[in-house]
Amino acid sequence: MSVTEKETAVPNGRTQVLRAAGLVGALVLLARVVGLLREVVVRALLGIDTPAATAFEIANRFPEAIFLILAGGAIGAAFIPTFTAYFERDDAPGGWRLFSAIINLVLVVMTAVCLLMALFAPQVVRFFAGEQIQQYPEILPLTVLLMRMMLLSPIIFGVSGVIMGALNARQHFLLPALAPTIYTVGIIIGGLAWPFFSDTTPAIGFAIGTVVGALGHLLVQVPGLRQKGGRYTAVFTLHDPGVVQVLKLMAPRVLGLSFSEINKFLFVYLTDLMTLGSYPALITASRIILLPQGIIGQALGIAAFPTMAALAARNALAELRQILADSLRIVLFLGLPASVLVMLLREPLVVLLFERGAVTPEGSHLVMWALLFFGIGLVALTALEVVARAFYALSDTLTPVLAGGAQIVVMWLLSWWLAFTVFPQQGWEPLGGLTLGFSLSNILEVCLLLWLLRRRLGGIHGRVLFDGLWRMTLAALLMALAMWWTLQQIVETSLWLQAIVGGLVGGLVYLLACWGLRLKEMRQFVAYGRERIGKR
C-alpha cells in the first residue's frame, strides 16, 4: 500500500499538539527547575568530589534503571497506542481492563526484580565502582545501604507510569506533567530534613525522600484517573489480546531502553577509572542539560505522541508528516540557541548555581568540562524525543532499538578513544572526552532515524527542514560570535554580570538574525506575542 492511500486529515491535530505542548512545556519547565534546585541542594550537602556524593549517585542509578527499562518509556511506547485503540473503537471497559492487567503485571515483575537487585547489591556495586572502592572503602557499605532503600521506588513508579500513560492517552496532561515535580520536592525535603533527625550523612535523607517522592508521584495522578473514568480491577492475565499486544510492543522497546541504560552504566564504569567526583559531576552537568532538553523536546514529544498515534491509527500520514516537520523545526529554533547559551555561559552557570556548601572549585571544574561537550549534542537529544515517538506512533518500537544499539557501539568507541587517548594528550579533562563521545553518537543516531523515517513515511518535508536548519544554524553562529566577543570585554567583571549581559546579547542577536533571515517560527513568535498583548 502506498503512503498516499487512505490518508485522512485531522484538521485540528497540529493545533491540539501545540496547545498541549504549551501546557506540558510549562509543567516540564517547572519540573526541570525544581530538578535543578534538587541538584543544588544535593551538591551543597554532599559535594561533588566526595565519597558520599559518589555513593548516592551510583546507588540511585540502579533503581532508576529498573524503572526506566521495565516500566518507564516502555509502558508509554507500548501501552498508549494499544490503550488508545480501545477508545477509538468505543470499548472503554476493555481499555480499563487492559489498564488493570498491566498495572498488576508491572507490580509483580518490578517487585521480583527489585528483590533480586537488593540481594546482589554488594556484588553489583563492586563491579561498577571497584577502582574507587579500593581508594575509598567507605563507598561500598554506603552505596549498598542507599540502593536497598531506594529500590522501593521502582515498584511505586511502575504503577505510576501506567497511570501516567493512561492519562496521556486520554489527553489529560496536567497531573502527569506535574508528578515529576512532586517527586523531586520529596527528595529535597528528605535531604534537608534528615540533619534534624540524625547526624549521619544526608545521603540517607535523600534516599528516604526518593521513596516518599515516588509515592507522591503516584498519588497526585489519582484524581485525574477518576476524572477520566478510570476503573481498576484485580485482573491478572497474560492471555488477553491487549496484554499480548502491549508485551509484543514492549519487547523491542525494553531492549532499546536497555541500550540507553547501558549508556549510563558505561558512564558509571568509565568514570570509575577517572578522578573521584567524575560521576557526580557528570550527573550535575546532565541536570543542566535536561532543563532545555525537557522544556523543548520532552514537551513536544509527550504532547505530540497521542496525536501522532491517533493519526497513524487512521492512516492520516500527510498530517503526521506535517506535525513531525513542524515539531522538528521548533526543536531547531529553540535548541540551537540553548546549546550556545549552555556552552558559552557554563562557568557562570556552574559556579553561581552549585559552588556552595560542600562543593569545591575542583568539583565545579569537572562539571564545566562535562557541560561544554554535552552542549554539542543538546539539539540531537531534544530531537530524539520527537523522532523516536514518531516510530512508536507507527507501532514500530524495533527501529529505534536498532538505532540505539548502533549508538551504543559508536559511543563506546568514541568515548574511550577521546577520554583516555585524545583528551589526556592535550592536557584536557578526560570527562570532557566522555561527554563528547556521547554527544557525537547521539547526533549520528538522530540522522539515522530521520533517514529511516523518511523511507517509512515517504518523506518528512526534508526541504522544509533543511531550509530551517541552515537559517537557524547561521543565526546561532552569529549569536555565538556576539556572545564570545561580549564576554571577552567583561571577563574581569562578576559572573552575575557575565551571565546576564552575555545571555541578553546572545538572545537579542539570535532573534534579530532569525527575523532578518525570515524564519516563519520567528514571525509566528512575534504574531503570538502581539496577540497576547492585544488580549490584555
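Derivation of every value follows stated rules applied to the coordinates shown; laboratory data play no part. Since this is a predicted model, take the numbers as computed values, not measurements. Positions of Cβ are generated from backbone atoms using ideal geometry, with glycine treated the same way; all protein chains shown enter the neighbour counts.
Order the peptides 262-268, 232-238 from the highest to the lowest mean number of other Cβ atoms within 10 Å of their residues.
Values: 262-268: 18.6, 232-238: 12.6.
Those peptides, ordered most packed to least, come out 262-268, 232-238.
For the chain, the Cβ-based charge dipole about the Cα centre amounts to some 1780 debye (Lys, Arg positive; Asp, Glu negative; other atoms uncharged).
Relative contact order for the chain: 21 percent, from Cα pairs under 8 Å spaced at least 6 residues apart, divided by residue count. Of the peptides 89-95, 375-381, the order by per-residue mean of other Cβ atoms within 10 Å, starting with the highest, comes out as 375-381, 89-95.
Once the Kirkwood radius over Cα pairs is known for the range 52-274, the Stokes-Einstein relation at 10 °C and 1.306 mPa s delivers a diffusion coefficient of 86 µm²/s. Here the 3J(HN,Hα) profile of the range 91-106, calculated from phi with Karplus coefficients 6.51, -1.76 and 1.60 at θ = phi - 60°, is 10, 4, x, x, x, 6, 5, 4, 3, 5, 4, 5, 4, 5, 5, 4 Hz, Gly and Pro shown as x. Taking a straight Cα-Cα cut-off under 20 Å and skipping sequence neighbours fewer than 8 places away in the same chain, the aspartates and glutamates within cross-link reach of Lys264 are Glu39, Asp49, Glu57, Glu64, Glu131, Asp272, Glu385, Glu429, Glu445.
Rounded to the nearest 20 debye, the dipole magnitude of the range 52-274 is 580 debye, with +1 charges on Lys and Arg beta carbons, -1 on Asp and Glu beta carbons, and the Cα centre as origin. Which is farthest toward the positive dipole end of the range 52-274 among Ala234, Ala251, Ile103, measuring Cα position about the Cα centre, with Cβ charges +1 (Lys, Arg) and -1 (Asp, Glu)? It is Ala234, whose Cα lies furthest towards the positive end. Near the amide H of Ala316, within less than 5 Å, lie the amide hydrogens of Thr8, all on another chain or at least 5 residues away, with H placed in the peptide plane.
Grouping the Cα pair distances of the range 70-140 into 10 Å bins from zero gives a pair-distance distribution of 17, 29, 21, 16, 12, 5, 0 percent in increasing distance order. Each residue of the range 318-324 was assigned a 3J(HN,Hα) from its phi angle through the Karplus curve 6.51 cos²θ - 1.76 cosθ + 1.60 (θ = phi - 60°); the sequence is 5, 5, 4, 4, 5, 5, 4 Hz, with glycine and proline shown as x. Derived scalar couplings between HN and Hα for the range 424-430 equal x, 5, 8, x, 9, 5, x Hz in order, rounded to whole Hz, by the Karplus curve 6.51 cos²θ - 1.76 cosθ + 1.60 (θ = phi - 60°), x for Gly and Pro. Over the chain, one equal point on each Cα, no solvent: what is log10 I(q)/I(0) by the Debye formula at q = 0.08, 0.09, 0.12 Å⁻¹? At q = 0.08, 0.09, 0.12 Å⁻¹ the computed log10 ratios are -0.52, -0.67, -1.23. One Cα centroid belongs to the range 266-325, the other to the range 474-530; the line between them spans 25 Å.
Of all segments of the chain bounded by GluC sites (Glu not before Pro) found in a DSSP loop with no more than 10 other C-beta atoms within 10 Å, the longest spans 6-491.
Over the Cα atoms of the range 426-512, Rg to Rh with Kirkwood Rh, two decimal places? Working shown, then result.
Numbers: Rg = 18.2 Å, Rh = 16.2 Å.
Rg/Rh: 1.13.
Using alpha-carbon pairs under 8 Å, 6+ residues apart, how would you state the relative contact order of the range 52-274 in percent?
On the way: 294 pairs, mean separation 76.0, N = 223.
Across the range 52-274, relative contact order equals 34 percent.
Placing unit charges on each Cβ (+1 for Lys and Arg, -1 for Asp and Glu) gives the chain a dipole about its Cα centre, and among Ala513, Met479, Val40 the Cα reaching farthest toward its positive end belongs to Ala513. When the charge dipole of the chain is built from unit charges on Cβ atoms (+1 for Lys and Arg, -1 for Asp and Glu) and taken about the Cα centre, the candidate among Ser439, Ala380, Leu119 whose Cα reaches farthest toward its positive end is Ala380.
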